[in-house]
Amino acid sequence: MSFAVHGLAVSRGVAIGRAVIVSSSRLDVAHYYVPVDQCPAEVERLRAARNVVAEEIGRVQNSLHDLGSHDAHPELAALLDVHLMLLQDEQLISGVKFWIQERHYNAEWALTTQLEVIARQFDEMEDPYLRERKADLEQVVERMLRVMHGVSSPVAAPAGANDTRSPVDPAADAPLVLIAHDLSPADMLQFKQSVFAGFVTDVGGKTSHTAIVARSMDIPAVVGARSASQVIRQDDWVIIDGDAGVVLVDPSPVLLAEYGAKQRQGEIERERLSRLKNTPAITLDGQRIELLANIEQPEDAAGALKAGAVGVGLFRSEFLFMGRNGRLPDEEEQYHAYRRAVEGMQGLPVTIRTIDVGADKPLDRGTRAADDHLNPALGLRAIRWSLAEPAMFLVQLRAILRAAAHGSVNLLIPMLAHAGEIRQTLSLIDKAREQLDARGAVHGPVRIGAMIEIPAAALTIPLFLRHFDFLSIGTNDLIQYTLAIDRADESVSHLYDPVHPAVLQLIAGTIAQCQAQGKTVSVCGEMAGDVSMTRLLLGLGLRSFSMHPSQILAVKQQILRCDTSRLQTWAQTVLSAEDPAALMTD
Ligand code: PEP
Ligand code: MG
């Protein structure tokens with residue numbers, strides 16, 4: 001039966017494929033395809049794991065008997081019986097074989113996929129006793145996964161837990177789209193270059209970091225789709241319309257044809273835009289506009305260059321720190337990562353933002369700051385965390401300063417609001433330099449910039465201009481903190497308004513004050529890559545934009561059509577309007 005699930009449009013385009021429902025706790029299981037001739041060996045690996053687990057359970061049963069404690073622990077004995085029974089369950093075994101033989105999934109992926117199928121059936125059971133057996137099944141599967149972990153696949157899993165050869169495996173018959181309740185930014189990173197052609201999550205706001213990474217992957221995505229992971233079933237055909245924020249489940253042939261055509265149209269449009277790559281971003285009245293890239297990993301530099309970026313305006317360094325079970329990268333590892341980004345940009349400037357974790361960007365999955373703090377977005381985030389952990393911060397600063405010896409580097413500090421924080425930060429940068437000098441390590445000069453993403457900062461720009469070489473407006477947070485709405489919470493996403501008069505005044509004031517002092521200012525929040533905002537930002541005087549590489553060409557196309565001398569007056573009208581959104585289409 002066809003139906004539609006509505007959410008928030010976060011990453012453009014159309015994806016058509018089969019649904020893979022993944023529970024958040026199993027995202028780290030490897031997902032890759034197995035060549036057809038290796039499928040029997042993969043089934044065998046699974047059978048062997050099942051036998052090992054059955055033997056383990058048998059041994060515990062025997063020891064209970066030997067100790068004569070079988071009767072003393074009837075619950076444990078019954079539980080072991082249930083686990084053995086589940087292990088032999090025909091639906092589990094035949095289902096897993098199906099995913100391996102028909103879809104060519106590796107054994108772990110097949111096992112967790114079938115677990116999701118059966119778990120859902122358990123959820124629908126009336127009988128609470130049977131419903132609770134889901135937890136037993138999960139334990140059994142967990143044990144099998146552990147055994148398989150020690151027995152490698154006949155096909156080597158590609159480096160990175162979820163990498164694979166291509167989004168569409170020639171052996172499989174359709175692209176796959178990932179449906180999950182939630183994906184942390186670190187999970188999303190794991191899925192970069194993954195098998196998936198699109199994403200849908202139940203939770204998340206338009207500028208949540210999960211959405212941001214989806215955009216950086218340039219694949220269609222819908223977040224905040226509430227119950228998508230409940231109502232969509234494993235292997236359902238789905239269409240993700242990333243422009244409209246809609247997921248169409250089990251679509252009719254007519255819809256499939258319609259969206260197939262839309263998909264092809266999108267490809268033609270991309271092809272057309274790609275011709276602008278080497279065209280300088282100059283407005284009709286001759287204003288040269290700087291188009292920079294936002295990146296998450298050093299390897300993204302290649303995509304930035306390919307899109308024609310003239311530098312990196314925001315390297316979100318925190319992604320180097322995520323998903324490492326608390327083990328942070330040391331100075332050497334960070335230095336090499338920053339150096340790769342700098343060298344990858346072939347002489348163009350790279351702006352490295354110091355670590356910004358906390359709120360919706362936990363260091364590790366399952367350690368969402370929200371679990372520990374009432375208001376994580378207002379808590380120990382970004383520079384606040386760095387200043388609370390000066391030893392960690394100094395490691396990062398030294399690594400960045402060393403990377404600066406290999407190219408043009410800007411150092412960007414997130415979430416500053418207080419003069420005291422500015423002083424502390426600058427003195428730690430001096431200290432990092434002194435430490436490098438003391439040990440004779442080579443380092444390079446950096447321009448130091450501050451992010452303006454807290455209203456308090458936007459209202460005290462002269463303070464920032466006294467201390468920094470440049471400013472970068474983080475509109476994602478500036479909007480969140482000005483309007484008091486959690487950017488990751490889909491239930492208030494309708495209030496997330498980039499053109500709210502208060503937000504516009506803060507942005508306009510920041511740009512004007514920087515211009516007056518001849519200091520560079522850019523916007524590196526999502527607003528910069530939104531073509532519907534380009535004219536307004538140009539009209540407010542912005543000349544430097546930083547965005548996902550995939551957005552650069554569309555924004556450039558818009559810039560080429562603009563005359564900033566005309567936009568200036570219009571932008572002032574928008575700025576003073578009661579309802580700026582109503583004037584945006586003028
Ligand atoms: C912002 O807040 O606009 C920004 C660019 O930083 P982040 O999205 O990483 O918080
Ligand atoms: Mg921010």
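What follows is calculated from the coordinates using simple rules that are stated; it is not laboratory data. Worth saying up front: this structure is predicted, and the values here are computed from it rather than measured. Reconstructed Cβ throughout: ideal geometry from the backbone, glycine too, with neighbour counts over all protein chains shown.
Quick one: what are the phi-derived ³J(HN,Hα) couplings along the stretch 238-252, Karplus 6.51/-1.76/1.60 with θ = phi - 60°, whole Hz, x for glycine and proline?
Rounded to whole hertz, the list is 9, 10, 9, 9, x, 7, 9, x, 10, 10, 9, 9, 6, x, 6.
More than 21 angstrom separation, counting every C-alpha pair in the stretch 491-586; what % is that?
Here the long-distance tail beyond 21 Å is 31 percent of all Cα pairs in the stretch 491-586.
Which of the peptides 413-420, 563-570 is most tightly packed, and how do the rest follow, going by the mean number of other Cβ atoms within 10 Å of each residue?
For the peptides 413-420, 563-570, the packing ranking is 413-420, 563-570.
List, in order, the whole-Hz ³J(HN,Hα) value for each residue of the stretch 539-546 obtained from phi through the Karplus relation with A = 6.51, B = -1.76, C = 1.60 and θ = phi - 60°; use x for Gly and Pro.
Values, residue by residue: x, 7, x, 5, 10, 9, 10, 10 Hz.
Stretch Ser63-Arg131 to full length: gain in nm at 0.36 nm per residue minus the Cα-Cα span?
Full-extension gain reported as 21.6 nm.
Given H placed on each backbone N at 1.01 Å, which residues far from Ser522 in sequence or on other chains put an amide H within less than 5 Å of it?
Leu471, Ser472, Ile473
What are the ³J(HN,Hα) values, in whole Hz, obtained from phi via the Karplus relation 6.51 cos²θ - 1.76 cosθ + 1.60 with θ = phi - 60°, for each residue of the stretch 491-506 in sequence order, with x given for Gly and Pro?
Those phi angles translate into 6, 10, 5, 5, 8, 7, 10, x, 10, 4, x, 5, 5, 4, 5, 5 Hz.
Taking a cut-off of 19 Å between Cα atoms, list the aspartates and glutamates near Lys97, but don't count ones fewer than 8 places away on the same chain.
Cα-Cα hits under 19 Å: Asp37, Glu42, Glu44, Asp89, Glu108, Glu116, Glu138, Glu142, Asp169, Asp173, Asp235, Asp236.
I need to check one value: relative contact order of the chain, counting alpha carbon pairs closer than 8 Å and at least 6 residues apart, in percent.
Computed value for the chain: 15 percent relative contact order.
Under a cut-off of 14 Å between alpha-carbon atoms, report the aspartates and glutamates in cross-link reach of Lys277, not counting same-chain residues fewer than 8 places apart.
Counting by Cα, and skipping residues close in sequence, Lys277 has these aspartates and glutamates nearby: Glu269, Glu290.
Amide H neighbours of Tyr33 under 5 Å, counting only residues 5+ apart in sequence or on other chains, H built in-plane at 1.01 Å?
Here the answer is Arg165, since their amide H atoms fall under 5 Å of that of Tyr33.
Restricting attention to the alpha-carbon atoms of the chain, what are Rg (one decimal) and Dmax (integer), both in Å?
26.2, 91
Near Lys361, which lysines are there with a Cα under 24 Å away, not counting those fewer than 8 places off in the same chain?
Cross-link targets: Lys192, Lys206.
Report the label-to-label distance for Ala456 and Gln101 in nanometres (one decimal), using points 7 Å from each Cα along the Cα→Cβ vector.
About 6.4 nm, to one decimal.
Where the convex hull is taken over the Cα atoms of the stretch 36-149, what is its projected area averaged over directions, in nm²?
It is 7.3 nm².
Taking amide hydrogens as modeled 1.01 Å from N in the peptide plane, which residues meet the under 5 Å criterion relative to Val223, leaving out close sequence neighbours?
Amide H neighbours of Val223: Leu8, Val10, Thr201.
Quick one: which of 204-216, 40-52 comes out on top by average Cβ neighbours within 10 Å, and what's the full order, highest first?
204-216, 40-52
Taking the highest mean first, how do the peptides 444-451, 218-225 order by number of other beta carbon atoms within 10 angstrom per residue? Write out the running numbers ahead of the final one.
Numbers: 444-451: 19.4, 218-225: 26.5.
Packing order, densest peptide first, comes out as 218-225, 444-451.
I'd like the orientation of helix 128-149 relative to the chain: the angle between its Cα long axis and the longest Cα principal axis, in ° from 0 to 90, rounded to 10.
It works out to around 80 degrees.
Say R0 is 25 Å: what FRET efficiency, to the nearest 0.05, do Asp364 and Glu434 get from their beta-carbon distance? Walk me through the numbers on the way to the answer.
Working: r = 33 Å, r/R0 = 1.30.
FRET efficiency, Asp364 to Glu434: 0.15.
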